[in-house]
Every structure is written in C-alpha cells, then in structure tokens.
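Shown next, in structure tokens, is the structure this report addresses.
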Amino acid sequence: MGHTLRSMLDAPPNDILEHGHNARNPRSSIRPQHTRNDHNDHQRGTIIGRRPAYLAANAVLCVCAIGCATVPNLAGFAALWILGGNTGPFFLVAGQTILADIFDPTSRGTAVGFFLGSCVSFNSIAPLLGSIIATFTSWRVIYGVEAGMCLFGLILSLLFIPKASEVENPKLAETTRPRTAKEILQTFNPMHVFCQFKYLKVILANIACGLLGFNQYGLLSSIRRVINPRFNLTSPLSSGLFYLAPGAGFLVGSTIGGKVSDVVVKRYMRKRNGQRIPEDRLNSSLVSVLIILPLGTLLYGWSVYHRLGGMALPIISAFIQGFGLMASFSGLNTYAAEVRLAHRTAVITGKYVIQYSFGAMSVGGVVPMIDGIGVG
C-alpha cells in the first residue's frame, strides 16, 4: 500500500504545476532521486531495524500526503511531494527482505509475487484513480485519499509485520546495529551495496531486472503519448482507463510467476534429493523472458504504429506485455533475496539502484525515441 501511494505521489496534478512552471517530464527527475535514495533506505533499516524503519516510512508518507493536500504554495508542495515519494523504494526493499525472513524458500516466490504484483499494478492503476478524482472533484482530494490509505496500511503493518525475534531465523532477520557515532557513519558508506556488484551472478541478475524495468517504464510513460493521438482520447479519465490493461497483466503475471517459481524450485529439489540451489528459480522466467514478453511488446508497438486491430489489439497486447514482464520479474526478484543470504538487503538495494536507473533512462528517453524512430 505504501508503494501504491508513492506511485500516486509520482504524478503531481497539473493544476499546481501551471503558470509557466517547467513540468515537461517530472517523472524523469524523480526516478534518479529514487536511485540515490535506495542506499539511504538500506541504512535506515540497519540503524533502527527493519520493522521500526518500515513503520516510520509509512508514517512519513502519511504526513506528506496530508501536507500535499493542504499546502498553499508550490514550494511546499514540491518539498513534501519529493520527501513522500522517496519513501517508495524503502517499501520495496524492506518488504522483500521481510518476506524472505518470514517465508521458506518453497513458498517465498508466491509471497513475493503477491507483494510486487500489487505494488507494480498500482503504478498503472494510480493514474486512473487520480484521473477519476480530478475529473469530479479537486485534485487535493487525491492526497486526502492517500493519507487515509496510508493510515490503514500503517495499522496493518503494526498488526502483521513480525519482530525479528518472532521469525524462524532471527539472526538473519536482525543485523547487528551500530552503536557508536563512527559505526553509524560507516553504515552510510555505499560501498557495502556496490561491493555486491563484484559477484557475477548478482550483477547479471541486476542488469536483467534493469532491462525489464526499462521495458516497464517505457510502456507506462508512453501510453498517453501514443494512445491519446491514436484513438483521439482527450480527457484524463478516458486515457486513464487504458492503464487497466497493463495493470491487470502486472498483477496476474506476478502472482502466477511467483507460484510457478516455487513449483520449479520444488521440482529441482526432488531431483537432487532435497538439495536447493538459488539459481533453480531462474528457470521459471525463461518462457516469459524469451517468448511472452517479446510477443506482447512487438504486438503492442506494431498495432499502434500500423493502426491494426482497433482498440482491442493494443489492449490485449498491453496485457500480454504486462503479464510477461512481471512473470519474468518474479523469479529474479526472489532470487535477489537468496543468492547471498547473509547480504540480501544489500543485494536487493543494489538491484533497485540499477532497476530505477534503467527506469529513469526509459522515462526520459522514450518520448524522444518515439518521435525519432516511431513506436513500432
């Protein structure tokens, strides 16, 4: 739910960004900020613990949403918007790490699939919700709704996120916290995250996630650029409805992909008499990466470029692309928490650094690429 709110915070209403303010592509400036913030997210969890840090981030997001709904000027809105939006990566990093603490390897993929499916699908559903609210009432109501959702998420977090002592392996769930000022400063050294890149398995998996992130944000950020002119959609509500297709694909693909990754892990464990290798999980993503995702991407681009299939074919192909994308992500995301078990928080953090970097390049470059070479 926290990532849902952050995805809505990523899209500031046009009302407050008018009167000559440069808001040509605000998302392209927020994505690089997320890559810088991923490292700080990792250190907050190290210093005060993952559960307290998760609850604190949720509370900060709630306060920022209330502030965005009531702030009277652009400067205050921008400050609160950026502060609230920067909590988003922490929900992803801490959420995956907490799930890895709670669930055993044979059910971990399903849990991560449900978690990331709900997070990523709302990246596409949030613009629709915002469009509905902005069409029928003030844009400030969006942030009031966010504050209520965030408060509800905070209550659920208090009730259901276990303490480190309550999980199966508390030594892995609760790292040694820094005690002196020097140790606290040392935790902000980014080399603990970047040194994970020297492991070939880690960096290759991260690059694969980065390429998938490039595809994901290219799809989402190009919809209004290519769909609105193609079908003469003029209102935010009508164009926002198109986001439901990839959003549904994200949710279904992540859920099914996570379950399939667990099935693949169990199958290989039976072949090895109970022995498990983290790389076994990656086999579950091969069909999605090599067949489903390229098929959906090509169908979507060509159907819009050549004006084929009316509105039905782009909708279906966007669903297929979203399904293949998240089915590919499921095995890779769970693998990040398993490849180096004792350093999984740093590995997951590094994954999102690369993933958001590729996403920033996609958001910033997709429109010039469409204008230069065409969407097909």
### Message
With 10 angstrom as the radius, rank ASP262, ASP104 by how many other C-beta atoms surround their C-beta, starting from the fewest.
### Response
ASP104, ASP262
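What number comes out for the charge environment of THR110, summing +1 per Lys or Arg and -1 per Asp or Glu over other residues with Cβ under 10 Å away? List each step's numbers first, then the result.
On the way: positive: ARG108, LYS259; negative: ASP262.
Value of the local net charge: +1.
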### Charge context of LEU286, other residues only, Cβ under 13 angstrom, K/R +1, D/E -1
-1
### Summary
Going fewest to most other Cβ atoms within 10 Å around each Cβ, GLU146, GLU338, GLU279 line up as GLU279, GLU338, GLU146
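Around ARG270, what is the net charge, scoring Lys/Arg as +1 and Asp/Glu as -1 over all other residues with Cβ under 12 Å from its Cβ? Walk me through the intermediate numbers first.
Values: positive: LYS266, ARG267, LYS271, ARG272, ARG276; negative: ASP280.
That sum, taken over residues with Cβ under 12 Å, equals +4.
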### Task
Could you rank the peptides 61-73, 188-200, 323-335 by their average count of other C-beta atoms within 10 Å per residue, with the highest value first?
323-335, 61-73, 188-200
### Message
Along its three principal axes, how long is segment 246-376 when you only count alpha carbons? Whole Å, largest extent first please.
### Response
53, 29, 20
### Query
Quick one: Cα centre-to-centre distance for segment 48-102 and segment 335-376, in angstrom?
21 Å
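Assign unit charges at the C-beta atoms only (+1 for Lys and Arg, -1 for Asp and Glu), then state the dipole size of segment 197-274 relative to its Cα centre in Debye, rounded to the nearest 20.
Working: 11 positive and 1 negative charges, 102 e Å.
The dipole of segment 197-274 has a size of about 480 debye.
Laboratory data are not the source of any read-out in this text; all were calculated from the coordinates shown. This is a predicted model, so every value here is computed, not measured. Don't worry about glycine lacking a Cβ; one is built from the backbone with ideal geometry, like all the others, and counts go over all protein chains shown.
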